[in-house]
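Taken together, the values in this text are just the output of simple stated rules run on the coordinates, not laboratory data. On a predicted model such as this, the values are computed, not experimentally measured, just so you know. Cβ sites come from the backbone with ideal geometry, for glycine too, and all protein chains shown count toward neighbours.
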Amino acid sequence: MVCLIYSADQATSVNIAEALKGMLGFEEAGAVDGMDSFKAGKTRMLEVHGGITDANFVGGAIGDDLAIFLSMHSSGRGIAAFTVHAEGNWGSDAKLGGMPKRLSTASPHNMCSMLNALHEKRGQLQATYEATHHGPLLDAPSFFVEVGGTDEAMNSKLLAETLAAAVADFLSADKAEYGKVAIGIGGTHYPEKFTRLALDGTYAFSHIMPKYALCNDMLQQAVERSEVRAETAVIEWKSLNAEQRAGILQELEKIGVDYEKV
């Protein structure tokens, strides 16, 4: 089962959810743990209130279902995009939900499939992974799918409908093929190399640890907090200096995980 989650207090999230309700024929299904719920076939939808990154409380209602959060994407770069990412906080800052130094359970094969669905629908926008960031913290497999980057993109009902169409395709299509499940290390918040490697079927990424948030003592958690355990670490080699590489390789050897350079 898949559970889609949106916030009634976020306009972009509502626009995506309303488009999906129309496309897939969601019907009201009563309250679950105080949240309005909807159902279409084997897919559920939950409406939360408040910040969607603070929705740790949905865990009990989700159970073991795959949770997909429908959200806006904000960007300091001001580049409109469709994005997919796992949740979690690499450091001691948990201002955007979740808990410090804790990762949610990623779903690499499903994120790869969603990335492909967004890529097919993207039009003039880019479709990209983002590095793992913000809450909520969940044990069930989950990820965020977003549209935004500019005010125009976040407020566009057309782009919300485009994202909704990609989600609908994801729900009905065969899952994307890939070679290995990997964690990504290094690069920027918008990891272009990891995105290309997923789109060409080489890897399905679970957690992505960017250069700005290197945290060697969380590498084991990054490998293990995944619906499918990562087989390898893919390192954007040139983005890191010699000291950073040495620390990462030492930790990977300690936890018994191979690595590949890109």
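Observations
- Rg/Rh (Cα only; Kirkwood hydrodynamic radius) as it applies to the stretch 180-261: 0.92
- Ranked list, fewest to most other Cβ atoms within 10 Å of each Cβ, for Glu130, Glu227, Glu120: Glu120, Glu227, Glu130
- Charge tally in the Cβ shell below 15 Å around Gly25, where Lys, Arg are +1 and Asp, Glu are -1, Gly25 excluded: +1
- Relative contact order [Cα under 8 Å, 6+ residues apart], the chain, whole percent: 19
- Interchain or long-range residues, amide H under 5 Å from Asp36's placed H: Glu47
- Distance between the C-alpha centres of the stretch 10-85 and the stretch 185-225: 24 Å, rounded to the whole angstrom.
- Longest segment of the chain lacking trypsin sites (Lys or Arg not before Pro) that sit in a DSSP loop with at most 14 other Cβ atoms within 10 Å: 96-174
- Amide N of the stretch 45-71 lying under 15 Å from the label point, which is placed 7 angstrom from the Cα of Glu27 along Cα→Cβ: 45
- Largest first, the extents of the alpha carbon coordinates of the stretch 3-58 on the three principal axes equal 27, 24, 14 Å.
- Label zone at Ala8, where the point sits 7 Å out along the Cα-to-Cβ direction: the stretch 50-64 residues whose backbone N lies under 12 Å: 50
- Max mean-square fluctuation residue, GNM over the chain, Cα-Cα springs under 10 Å, options Ala173, Ala81, Ala233: Ala173
- Approximate shape of the stretch 104-262 as ellipsoid semi-axes (Cα gyration tensor, √5λ), whole Å, largest first: 28, 16, 14
- The stretch 243-260 versus the stretch 109-163: alpha-carbon centroid distance in Å: 30
- Only alpha carbons enter this Debye calculation for the stretch 2-172, each as an equal point scatterer, and the log10 of I(q)/I(0) it gives at q = 0.12, 0.20 Å⁻¹ is -0.47, -1.44.
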